[in-house]
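Okay, structure first, notes after.
The values are calculated or read from the model by the stated rules, or taken from the named source; none is laboratory data. The model shown is predicted, which means the values in this text are computed figures rather than measured ones. Don't worry about glycine lacking a Cβ; one is built from the backbone with ideal geometry, like all the others, and counts go over all protein chains shown.
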Amino acid sequence: MAHTDPTVTDRTFDIGRIRELFPILAQRVGDKPLAYLDNAATTQKPRPVLEALSRYYASENANIHRGVYALSQRATDAYEGARGKVARFLNAAEPAEIIFTRNATEGINLVAQTFGRQQVGDGDEVVISTMEHHSNIVPWQMLCEEKGARLRVVPITDSGELMLDELASLLGPRTKLLSIVHMSNSLGTINPVRRVVELAHAQGVPVLVDGSQAAYHMPVDVQALGCDFYVVTGHKLYGPTGIGALYGRRELLDAMPPYQGGGDMISSVTFERTTYNEVPHKFEAGTPHIAGAIGLGAAVDFIAGVGFDAITAHERPLLQYATAALETVPGLRLIGTASDKASILSFVLDGVHAHDIGTIVDTEGVAIRTGHHCTQPVMERFGVPATARASLAMYSTTMEIDQLVAALTKVREVFG
Amino acid sequence: MSDLRDLYQEVILDHNRSPRNFGPLEDADLHADGHNPLCGDKLRVAVKVDAGIVSDIRFEGSGCAISQASASLMTEGIKGKTLDDVRTLFDHFHRLVTDQTAPPDDSLGKLTVFAGVRDYPARVKCAILAWHTLLAAVDDNQDPVSTE
């Protein structure tokens, strides 16, 4: 089987050197090399991120803000420096528009519990789409239930594309927010977010974009997209778990009530009255995940250093290679065939449940995810209980795809 | 890692391809629904009881090979047993699929083909779902069973 594909090789991008930066990738599973193809669940961490975490704890650890000693100032500078890096990565207008969260889920919940509780009332509507991750469904269901509001859902086509006409027709005077995924985690579909924002803003509807999957595959410019909120999670950006970021337009953030109460989010506290801090601190109660933020800063610097031009030039032909390779597997059907998609291959195999596929390919060293991928409505839309999903990252190779295809042959051998 | 054939034994593959006692059971005395949200396995187990003895049992649903075969072999294994026998068998089966140190257990008969599951911790829920559902039916517990 061919292990190199000339179209995947790019002079500016040395896949061998990239892989060396990710120590975890060199390991074996039993006697097989690890083929890590579960990047949509979490990406692996490069040395610069591991080193930033270790350096912080080894030489910079102190609590941030209000410390008068040098070490606390260094920790504060590193933490706030990371905010600046994330702001540049997403092209926010200023670092204060970046709020550190635990993950994308918390970013969405923050908006639901502050902006949402303030703006959404009885009889109002929140619009999402069929292809949302549960994290962009449940917070809105909870809000709608509390407020007597209605959740409206934009349908998708058989190839997994958003139905824009339906979206436009769902937006109206009662719509208080549109919350939509940039790139689907179970289908790979890239939504035309800029167009979606135009449609929503034409009706005066603010837009939250879930960028969990998009942000490590393509450049994100929140000002060019025009969105009002954008959430990312660090662990899918080659960064640590437990850290994410919410971008919000300054004027919206200023008008929103605080999220959680506690230290750091206040200006002054008396038993009679508390005044709240400025953004972004208003939304960051308590000691934050300082090391995580610094690790995330290192991660976005690392991505910027590699460059999205190089990442796209590697991942796009690799997706084509993988799509063509999987289509040769008898009885395999791809779920999610949008014309604009990236790095995700969801599939079902005739007569074999996804969970059995996952177990068998694991014995061949191939790590893929099987199940509903926290998108049960997508499974229902396509009439499948679950899919197997291979997902790519900047360090993925044609060899790993070949290893997956060979492992699927083994599935056929077992199941006949 | 143990050999894949220890998990996917021929008996298991056969019961997955052609599950026994599959379909609705008219006039069931007891029934329960089970769900494994992680992988989307869904089962309904229905039982007829005659003087404290399982006189008939059928199941319906969809899921992976391990969960389908487990349900199928379970229905074969408990027909004619008392409800107390069912509870005892549940305990034995649970030990079989979870306890690495469990000694061979003759009381389980054909069900011992599931011994390989203990080497695949992520798949224990698949094997045990039908049994949890059966237990809920026997205890007349109408809350849907979830392995999560």
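Looking only at the stretch A:209-259, count every residue that is in contact with a His (Cβ under 9 Å, 6 or more places away or on another chain) and among the polar types (S, T, N, Q) and tell me the total.
3
So, restricting to helices (runs of 4 or more DSSP H) that lie completely within the stretch B:1-106, which ones have at least 2 residues that are more than 11 Å from chain A (Cβ to nearest Cβ) and touching a residue at least 60 places away in the same chain (Cβ under 8 Å)?
B:65-78
Name the residue, out of A:34, A:53, that is within 30 Å of residue A:372 (Cβ to Cβ) and touching a residue at least 12 places away in the same chain (Cβ under 8 Å).
Working: A:53 fails: within 30 Å of residue A:372 (Cβ to Cβ).
Being within 30 Å of residue A:372 (Cβ to Cβ) and touching a residue at least 12 places away in the same chain (Cβ under 8 Å) holds for just one of A:34, A:53, which is A:34.
Quick test of your reading of the structure: residue A:227 fulfils all but one of (1) surrounded by fewer than 16 Cβ atoms within 10 Å (Cβ to Cβ); (2) without any contact (Cβ under 8 Å) to a residue 60 or more places away in the chain; (3) in a loop (DSSP other than H, G, I, E, B). Name the failing condition by number.
(1)
Taking residue A:401 as the residue in question, decide whether it is part of a helix (DSSP H, G or I), within 14 Å of another protein chain (Cβ to nearest Cβ), in contact with a helix residue (DSSP H, G or I) (Cβ under 8 Å, 6 or more places away or on another chain) and in contact (Cβ under 8 Å) with a residue 12 or more places away in the chain.
Here the answer is no, as residue A:401 does not meet what is asked.
Yes or no, residue by residue, for (1) within 14 Å of chain B (Cβ to nearest Cβ); (2) touching a strand residue (DSSP E or B) at 6+ places or on another chain (Cβ under 6 Å):
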| residue | (1), (2) |
| --- | --- |
| A:280 | no, yes |
| A:345 | no, yes |
| A:363 | yes, no |
| A:369 | yes, yes |
| A:386 | yes, yes |
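Take the residues in the stretch A:57-77 that are touching a Gly at 6+ places or on another chain (Cβ under 8 Å) and surrounded by 17 or more Cβ atoms within 10 Å (Cβ to Cβ), then tell me which one is farthest from the other protein chains (Cβ to nearest Cβ).
Among residues in the stretch A:57-77 that are touching a Gly at 6+ places or on another chain (Cβ under 8 Å) and surrounded by 17 or more Cβ atoms within 10 Å (Cβ to Cβ), the one farthest from the other protein chains (Cβ to nearest Cβ) is A:76.
Residue B:46: within 12 Å of the chain's Cα centre (by Cα) and of a type in the set (Gly, Ala, Ser), yes or no?
No; evaluated as a whole, the condition is false for this residue.
Among A:165, A:122, which is the only one that is free of Cβ contacts under 8 Å to residues at least 12 places away in the same chain and surrounded by fewer than 21 Cβ atoms within 10 Å (Cβ to Cβ)? Let's see the steps before the verdict.
Values: A:122 fails: free of Cβ contacts under 8 Å to residues at least 12 places away in the same chain.
Answer to the check: A:165.
Which one is nearest to residue A:411 (Cα to Cα), of the residues in the stretch A:323-343 that are more than 14 Å from chain B (Cβ to nearest Cβ) and in contact with a Gly (Cβ under 8 Å, 6 or more places away or on another chain)?
Residue satisfying both the conditions and the ranking: A:331.
Condition test on residue B:14, is it surrounded by fewer than 16 Cβ atoms within 10 Å (Cβ to Cβ), at pLDDT 95 or above and among the charged types (D, E, K, R)?
yes
If I filter the stretch A:163-177 for residues that are within 20 Å of the chain's Cα centre (by Cα), under 21 Å from residue A:376 (Cα atoms) and at pLDDT 95 or above, do I get at least one hit?
No, that holds for no residue.
For residue B:117, state whether it is in a helix (DSSP H, G or I), more than 12 Å from the chain's Cα centre (by Cα) and among the β-branched types (Val, Ile, Thr). First the steps, then the outcome.
On the way: in a helix (DSSP H, G or I): yes; more than 12 Å from the chain's Cα centre (by Cα): yes; among the β-branched types (Val, Ile, Thr): yes.
Here the answer is yes, as residue B:117 does meet what is asked.
Could we say that residue A:58 is in contact (Cβ under 8 Å) with a residue 40 or more places away in the chain, more than 30 Å from residue A:318 (Cα to Cα), of a type in the set (A, V, I, L, M) and assigned to a helix (DSSP H, G or I) here?
no
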